[in-house]
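Before any comments, here is the structure.
The values are calculated or read from the model by the stated rules, or taken from the named source; none is laboratory data. Everything numeric here is computed off the predicted structure, so don't read it as measured data. Virtual Cβ from ideal backbone geometry, glycine too; neighbours counted across all protein chains shown.
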Amino acid sequence: MLRKQKMFLVMLSITFFIVPAFANAAIIFETSEFITESEGIVYEFVVDIEPSAACVATITDLSEDLLGFEYLYLTISTSSEGLGETYTHDPGGLEPINFIAYPGIQYYANVFGFGSGEYKTGNFGLQIVGSPVPIPTTLFLLGSGLIGLIGLRRRIKH
């Protein structure tokens, strides 16, 4: 019976501590723009999620049949370091950029595109989504794992 109670407490802690921490994803920055010929655009954004946020930046080609990109490029950076980049000659193959953002720091999303097609114009969408990094939950899981290992070691010794 004691084993069932322990399992219930573990499931309860997962439900109340871990699941809500990852369910609070928020859009930090979102835009959609046209690029004509060869053009670069820099977007500035600040993350206001405490204490930090696990972010994902995605860029997609929203062009219609006559429009499109020969080349599309995205970087995420701060004023002092690059956090990730993705580029391709085939915009359908762009990978998302994952990075950790801290509140109050200025971040930059740099987009460069070279339009193709009849009008040399392309339309892209940029979205940056973040969810809080659950530090108390992480420490709770680490601590419970260490306690479990200590208990297992004592059980093996006796």
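Rundown of residues vs (1) under 29 Å from GLY122 (Cβ atoms); (2) modelled with pLDDT of 80 or more; (3) of a type in the set (Phe, Trp, Tyr), yes/no style:
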residue: GLN5; (1), (2), (3): no, no, no
residue: LEU9; (1), (2), (3): no, no, no
residue: SER13; (1), (2), (3): no, no, no
residue: ILE18; (1), (2), (3): no, no, no
residue: PHE29; (1), (2), (3): yes, yes, yes
residue: VAL47; (1), (2), (3): yes, yes, no
residue: THR58; (1), (2), (3): yes, yes, no
Subset of segment 85-114 that is at pLDDT below 85 and either among the β-branched types (Val, Ile, Thr) or surrounded by 15 or more Cβ atoms within 10 Å (Cβ to Cβ) (or both) - its residue that is nearest to LEU62 (Cα to Cα):
PRO91
Within segment 32-45, take every residue that is at pLDDT 85 or above and over 21 Å from SER79 (Cα atoms) and give me the one that is surrounded by the most Cβ atoms within 10 Å (Cβ to Cβ).
GLU33
Cβ-Cβ under 7 Å pairs, at least 6 apart or on other chains, segment 55-66 side aliphatic (A, V, I, L, M) and in a strand (DSSP E or B), far side surrounded by 15 or more Cβ atoms within 10 Å (Cβ to Cβ) and modelled with pLDDT under 80
ILE59/LEU94
